[in-house]
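Here the structure is laid out as structure tokens; the discussion comes afterwards.
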Amino acid sequence: MKMSAETPDAAESRAGIHATVIGTSLEPEFSFLNTYLNQTGDFKSPAKAATAVKTAVEEEKSGATARSMPPG
């Protein structure tokens, strides 16, 4: 029995959902993105926002954000 390959649409959906779940797990304050995803089925918008959150968290952990901010 041959299994069919994942379609590009399915791969994009899965990647968007994954990005949303990972991003909101890093910053629970953004859990509303999961709610939005679940209620609308739109995975592109929350994935984009969650990716930005994930990037900001990673930068903060690495100290990149702290160095770029003015003292005070």
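Every read-out reported here was derived from the displayed coordinates using simple, explicitly stated rules and does not represent laboratory data. For clarity, every value in this text was computed on a predicted model and none was experimentally measured. Cβ: placed from backbone, ideal geometry, glycine included. Neighbour counts: every protein chain shown.
Protection proxy ranking of 37-43, 18-24, 49-55, 6-12, by the mean of other Cβ atoms within 10 Å over each peptide's residues and highest first, is 18-24, 49-55, 37-43, 6-12. Spin-label model, residue 5/residue 21: points 7 Å from Cα along the beta carbon direction are separated by 2.4 nm. Each label was represented as a point 7 Å from its Cα along the Cα-to-Cβ direction; for residue 14 and residue 48 these points are 2.4 nm apart.
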